[in-house]
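Down below is the structure, laid out as structure tokens.
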Amino acid sequence: MQFLYPIGLLALASLMIPLIIHLWNVKQGKTIKIGSIAFLGESSSASSKSFRINDWLLLVLRCLLLILLAFLLAQPYLKKTIPVNNKTGWVLIDKNNFPQVYKAHQKTIDSLLKKGYEIHDFNLGFVQLTRKDTTANQIKQHNNLSYTTLLSAANQLIPPAASVYLFADHRLNRLGNELPTVNYKLKWIPLNQSDTLSSWITTYSGKKYEAKSNPSNTTYQALNPQDEAPINIAIHEAAGITDSKYLIAALKAIASFTRRKIVINPTDEKADLGFWLSDEAVSVNFKSSIVPKGTLFRYEKGKVLTAPSFINLDGRQIKLSKRIESNNEAEKIWNDGFGNAILAKEKTNNLNIFHFYSRFNPQWSELVWDGLFVKALMPIVIQDKNPDSFGFENNPADQRVLSPKQNETIEISKKQSLTKNTQNEALATLFWVAALFIFVTERILSFRKKPQYVKN
């Protein structure tokens with residue numbers, strides 16, 4: 001038996017209470033009538049107390065009741081090992097590829113079926129398949145779920161530590177961003193890819209690229225390498241603050257990464273993007289310095305809230321110390337841990353306005369110290385139409401596969417997860433029943449105990 005909160009056992013100190021009550025039992029004196037007091041001399045008054053335990057059963061019951069209550073505070077549980085039948089398991093195959101896979105690995109699959117293995121579709125729902133499905137005409141449906149998602153979902157259906165054979169390719173674009181963590185023994189049998197070379201055209205930061213992919217790498221080559229118009233950015237900063245230095249550093253990083261020329265505070269041309277780093281209202285002159293349909297990024301003014309939270313960015317949480325209270329109904333681009341807007345976007349007739357409810361200052365958040373700062377600003381600066389995946393393409397035609405070292409990492413993670421074949425069984429209900437029984441017994445004994453009277 002183990003305890004979820006062992007500190008609750010400190011309540012066992014309450015065992016001193018019934019012990020003190022039973023020991024501090026003062027007996028009242030008895031009056032005895034006698035015929036004569038002639039032989040009784042004058043004596044000083046005296047009182048006596050008995051420190052002898054008179055009712056051991058009541059004492060034990062009350063102590064047991066307190067012990068059970070202390071155990072309930074500590075939340076006891078038993079760690080049970082889940083029995084696993086290693087003789088059977090699953091075979092996972094995409095139903096669309098089942099005929100081809102069965103033809104290429106018929107000997108292996110037939111031997112597994114003789115051992116009691118079941119064949120299941122490697123898709124959400126994991127429908128059971130039979131040999132008859134190898135001859136049926138399958139409807140080709142593209143599965144958008146990553147292998148990581150499917151393998152993790154199978155945890156709910158496959159018994160822990162059971163053997164699972166997966167027939168699937170090793171392409172990176174199907175694995176997702178993280179390695180799967182599973183509770184079963186996975187043996188991944190890679191499929192031979194029929195097409196190992198592919199190419200496609202993609203657009204990134206206003207340029208067209210031709211992508212060429214093979215199992216080892218994917219390369220991009222620009223199709224329009226000619227010089228493009230620079231991006232003009234105007235920055236207004238209030239006196240006494242230095243937030244612009246963090247912004248300028250991020251803009252230089254964007255220019256270096258995208259190979260786009262960025263001009264800060266142009267003198268002869270209007271700006272494509274303006275950053276208003278001030279609590280004051282945006283001036284008319286600053287707005288007019290931005291081209292029509294351009295972008296304005298402005299600090300918002302309002303009540304400063306200091307509740308600790310974080311900014312949700314690209315699946316990461318960046319520490320947030322202070323923010324401006326937001327009552328704007330504009331579209332939320334960044335939000336904090338409570339769903340409050342940190343950056344909101346609003347379209348007007350002349351400008352795309354970004355309302356920023358924080359500051360580019362380390363005292364407000366750790367955003368400017370994080371590499372995500374550059375990535376988060378990039379779609380605002382470049383004005384890409386798809387900011388969610390800006391600069392990070394996951395194309396279905398990507399042919400890259402796992403390297404041998406990555407494959408070893410996956411196998412290690414599976415072996416580590418196999419050690420988790422235990423289940424915690426809570427004992428709270430059992431202890432509550434025992435405590436109720438002891439309490440009722442103690443009350444019955446207490447009320448049945450009658451006072452004794454001395455008869456003359």
Against the definition (assigned to a loop (DSSP other than H, G, I, E, B), among the aliphatic types (A, V, I, L, M), surrounded by 14 or more Cβ atoms within 10 Å (Cβ to Cβ) and assigned by TED's automatic domain parsing to the domain that holds Ile93), how does Leu179 come out, yes or no?
yes
Checking Pro362, Pro396 in turn, the sole residue that is part of a loop (DSSP other than H, G, I, E, B) and modelled with pLDDT under 85 turns out to be Pro396
Selection count where residues are touching a residue at least 60 places away in the same chain (Cβ under 8 Å), assigned to a strand (DSSP E or B) and either of a type in the set (Gly, Ala, Ser) or under 27 Å from Asn155 (Cα atoms) (or both), scope the stretch 182-224
8
From the option list Ala229, Ala238, Ala234, single residue qualifying as surrounded by fewer than 19 Cβ atoms within 10 Å (Cβ to Cβ), over 38 Å from the mean Cα position of the chain (by Cα) and in contact (Cβ under 8 Å) with a residue 40 or more places away in the chain is Ala238
Ala344 vs (1) at pLDDT 90 or above; (2) in a loop (DSSP other than H, G, I, E, B): all pass except (2)
I'd like to check something: does the stretch 186-205 contain any residue that is buried (at least 18 other Cβ atoms within 10 Å of the Cβ), within 22 Å of the chain's Cα centre (by Cα) and modelled with pLDDT of 80 or more?
no
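Quick grid of which residues meet (1) under 29 Å from Val291 (Cβ atoms); (2) within 25 Å of the chain's Cα centre (by Cα):
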{"position": "Asn328", "(1), (2)": "yes, no"}
{"position": "Lys332", "(1), (2)": "yes, yes"}
{"position": "Asp336", "(1), (2)": "no, yes"}
{"position": "Gly339", "(1), (2)": "no, yes"}
{"position": "Asn350", "(1), (2)": "yes, no"}
{"position": "Ile353", "(1), (2)": "yes, no"}
{"position": "Tyr357", "(1), (2)": "yes, no"}
{"position": "Trp364", "(1), (2)": "no, yes"}
{"position": "Val374", "(1), (2)": "yes, yes"}
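Tally the residues that are of a type in the set (D, E, K, R) and crowded, with 19+ Cβ neighbours inside 10 Å, restricting the search to the stretch 315-344. Even if it seems obvious, please write down each step before you answer.
Residues of the stretch 315-344 that are of a type in the set (D, E, K, R), as a first pass: 316, 319, 322-323, 325, 329, 331-332, 336.
Restricting the remaining residues to those that are crowded, with 19+ Cβ neighbours inside 10 Å gives 323, 336.
Looking only at that region, the number is 2.
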Taking the stretch 284-306 as the search range and keeping residues that are touching a residue at least 24 places away in the same chain (Cβ under 8 Å) and part of a loop (DSSP other than H, G, I, E, B), which one is surrounded by the most Cβ atoms within 10 Å (Cβ to Cβ)?
Glu300
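What do you reckon, is Lys287 within 18 Å of Ala376 (Cβ to Cβ) and modelled with pLDDT of 90 or more? Let's see the steps before the verdict.
Details: within 18 Å of Ala376 (Cβ to Cβ): no; modelled with pLDDT of 90 or more: yes.
Criteria not met by Lys287.
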Inspect all residues belonging to the stretch 231-250 and state whether any of them is in a loop (DSSP other than H, G, I, E, B), in contact with a strand residue (DSSP E or B) (Cβ under 6 Å, 6 or more places away or on another chain) and either in the same structural domain as Asp272 (by TED's automatic domain parsing) or at pLDDT 90 or above (or both).
yes
Working only within the stretch 102-122, note down all residues that are surrounded by fewer than 17 Cβ atoms within 10 Å (Cβ to Cβ) and under 14 Å from Trp90 (Cα atoms).
Thr108, Asp110, Ser111, Leu113, Lys114, Lys115, Gly116, Glu118
Selected residue (criterion: modelled with the highest pLDDT) from residues of the stretch 139-176 that are assigned to a loop (DSSP other than H, G, I, E, B) and of a type in the set (A, V, I, L, M):
Ala168
So which residues in the stretch 420-456 are at pLDDT below 55 and under 29 Å from Gly8 (Cα atoms), if there are any at all?
Lys420
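The values are calculated or read from the model by the stated rules, or taken from the named source; none is laboratory data. In this text, all values refer to a predicted model and were calculated from it rather than measured experimentally. Here the Cβ is made from the backbone with ideal geometry for all residues, glycine too, and neighbour counts use every protein chain on show.
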